[in-house]
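To start, the structure itself, in structure tokens.
The values are calculated or read from the model by the stated rules, or taken from the named source; none is laboratory data. Small disclaimer: the values here were computed from a predicted structure and weren't measured. We place every Cβ from the backbone using ideal geometry, glycine too, and count neighbours over all the protein chains shown. Accessible surface areas use protein heavy atoms only, side chains included; no ligands, DNA or RNA. Shrake-Rupley method; radii C 1.70, N 1.55, O 1.52, S 1.80 Å.
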Amino acid sequence: MTRTLFGKLFLSYVAVVLTTLAVVGVVLPRLFSDYYFSAKEAELVRKGQEIARVMELFGGGRLRLPDQIWLQAMDRFLDARLLVVDASGLILATTSQHTPRGMRLAPGEGAGCLRGQIVRSRGLNPRFGEEMLSVAIPLEAGGQVVGGLVLNAPVTGLNATVSSVRRLIFYAAGGAIVLAGVVGYLLSRSISRPLREMSRTALEMARGNFRQRLAVARDDEVGQLAANFNHLAAALDRTVTALADEKARIENILSNMAEGVLATDSEGKLVMINHRAAHLLKTGEHAIGQPVGELPEAAALADLVSGVLASRTPDAVEFHTGDAFLVAHASALAGSGGSTSGVVVVLQDVTELMRLERLRRDLLADVSHELRTPLTSIQGLVEALKDRVVEDEDTRDRYLAAIHEETVRLNRLIRDLLDLSLMQSGSTRWPMGPVDVRPLLERVVARFALQMAEGGIISRISIADDLPPVLGNEGRLEQALTNLVANAVRFTPRGGRVEVLARQQGGRVIIAVKDTGPGIPAEHLPRIWERFYRVEKSRARSSGGAGLGLAIVKQIVEAHGGTVSVESRPGEGSVFSITLPTVTASSRP
């Protein structure tokens, strides 16, 4: 109990009251007793002096003994026992039956009055056998002490009065103790209860519950403290809510950033990582607390983080993680006192940029290469004609035919490049509608009928009955199918066969162009849909190909929501297939 504020306050109040009452109970009866006895002594002295003066007056200069009637009157007047002694201490007269005449005063019984002094004493008087308050008054006659008056007043009544006062004080002290206990308990509880509530509320706030409030039912300092505590709780609630909202916004921003973001402490250990960074580095939230260098794909970041921590200057590094190419930018986080509290790293996935840059370089190189050959040929032929190196008409006509052929090739190359660039940029919007597959395929195959007849190539068309129309742009689909059939005819040897097949599978139509050409090695299959990619470049160039036909086919088909594929084995020919959605499947929600 003494450990609590309530116990300390309660015991303090009770201790103060007990101490005060103990002091009062001891001192007040003594003071009252001393005052009462002093007043009685003064009264006896005063009355004794009055009697002495009367006796001196009636004695006529000598000691005259009073008669019995006078003594009885003095007994009632004095309320005390009277002794009259002569100058030798011999008792001459008395109002007490316990003291006969002719006896002498005992030593210390007031004999000092015979020397002219007023003697006061209190204690047990053996003459009377009880405690007495004694006063001895000298009697004088002619300027000399001729005797004395001894007045003995019993103190039994006085002691009874003092005892009564002492009992009254004891009862009053007991009542005061009870009242002080009740008042101390109520007062201590009124102070300690709000403090206990504040302590409980503070613990709830420490657990994160800032909506606790205290009841303010008083206007004193404790009530003001409770009101201030409520104000503090409300302010903390608003502040924590604002911080939580801000934290949620920052986490939401970091989680949805296209760049990866991670942060470390001053020791290089991971303290934060967003989803994008975890995906790029192939790790998860469990990596929090680990050194950056121990992450599966982040060994290159260890030197970057340690360097920034040491130099406090931003830095960057490029590194690979599997098939991805990343750029990491790191900056130091400033702490208190100018120290570095950690490092923040921003990861950028530049794989696509690098791929596009590589494609751009390859495109420039391929275009330059494709343009240089016909331009060089045209330049040489024109210079020969200009310098009149060729004189006969047949050779001149042959040169002009070659120039025309190279010009047509250049025109076709430039047109294909423009078409392919427009399709890859996504800026083309073709009108779509139902396209009947059968007449489209028959028209495309008929276009190559003369060429296949001259080359001894057998053609065949196999189209399933009730084939539904596909959704697309008929002109662009015809262009894609023309490129596929042209490739098949171009690479099929004499006596070979070119087949065009069409069938339905689910909600899609599959169109396949099959040839019996030399086939394509497996290592080339993944790249044949790229621009300017050719399996046998010298043979493709001699046959007029620039490596753009299949890239255009892929762009057209994917723009229609379809897919392309190829199956081929060296020496067994190739099968190029495109899959297009039907009108019914495309109209579904």
> Among the residues of region 284-314 satisfying the criterion of being touching a helix residue (DSSP H, G or I) at 6+ places or on another chain (Cβ under 7 Å) and aliphatic (A, V, I, L, M), which is farthest from Ala263 (Cα to Cα)?
Replying inline: Ala299
> Checking Arg460 against (1) open to solvent by 50 Å² or more (accessible area, probe 1.4 Å); (2) assigned to a helix (DSSP H, G or I), which test does it fail?
Replying inline: (2)
>> For region 267-280: of the residues being farther than 19 Å from Ala302 by Cβ and free of Cβ contacts under 8 Å to residues at least 40 places away in the same chain, which is surrounded by the most Cβ atoms within 10 Å (Cβ to Cβ)?
In response: Asn274
> Of the residues Thr283, Thr264, which is open to solvent by 20 Å² or more (accessible area, probe 1.4 Å) and outside any helix (DSSP H, G or I)?
Replying inline: Thr283
> Out of all the residues in region 426-445, is one or more under 60 Å from the mean Cα position of the chain (by Cα), closer than 15 Å to Pro581 by Cα and open to solvent by less than 50 Å² (accessible area, probe 1.4 Å)?
Replying inline: yes
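Residue-wise test of (1) at pLDDT below 90; (2) surrounded by fewer than 16 Cβ atoms within 10 Å (Cβ to Cβ); (3) on the phi < 0 side of the Ramachandran plot.
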{"position": "Tyr533", "(1), (2), (3)": "yes, no, yes"}
{"position": "Arg539", "(1), (2), (3)": "yes, yes, yes"}
{"position": "Gly545", "(1), (2), (3)": "yes, no, yes"}
{"position": "Leu548", "(1), (2), (3)": "yes, no, yes"}
{"position": "Ala559", "(1), (2), (3)": "yes, no, yes"}
{"position": "Glu567", "(1), (2), (3)": "no, yes, yes"}
{"position": "Glu572", "(1), (2), (3)": "yes, yes, yes"}
{"position": "Phe576", "(1), (2), (3)": "no, no, yes"}
>> Here are the criteria: (1) surrounded by 15 or more Cβ atoms within 10 Å (Cβ to Cβ); (2) assigned to a loop (DSSP other than H, G, I, E, B). Tell me which single one Asp219 does not satisfy.
In response: (1)
>> As an exercise: evaluate Arg207 against (1) over 36 Å from the mean Cα position of the chain (by Cα); (2) loosely packed, with under 13 Cβ neighbours inside 10 Å and give the number of the one condition it does not meet.
In response: (1)
> Any residue in region 348-362 that is open to solvent by 60 Å² or more (accessible area, probe 1.4 Å), at pLDDT 70 or above and within 30 Å of Asp265 (Cα to Cα)?
Replying inline: yes
> Do we find a residue being assigned to a helix (DSSP H, G or I), aliphatic (A, V, I, L, M) and under 23 Å from Leu441 (Cβ atoms) anywhere in region 488-505?
Replying inline: yes
>> Can you tell me which of (1) open to solvent by less than 10 Å² (accessible area, probe 1.4 Å); (2) modelled with pLDDT of 75 or more; (3) closer than 19 Å to Met55 by Cα; (4) in contact with a helix residue (DSSP H, G or I) (Cβ under 8 Å, 6 or more places away or on another chain) is the one Asn152 doesn't meet?
In response: (4)
> Exactly one of (1) acidic (Asp, Glu); (2) surrounded by 14 or more Cβ atoms within 10 Å (Cβ to Cβ); (3) within 16 Å of the chain's Cα centre (by Cα) is unmet by Glu251. Its number?
Replying inline: (2)
>> Just to check your reading of the model, which residue among Glu251, Glu197 is within 26 Å of Val14 (Cα to Cα) and without any contact (Cβ under 8 Å) to a residue 60 or more places away in the chain?
In response: Glu197
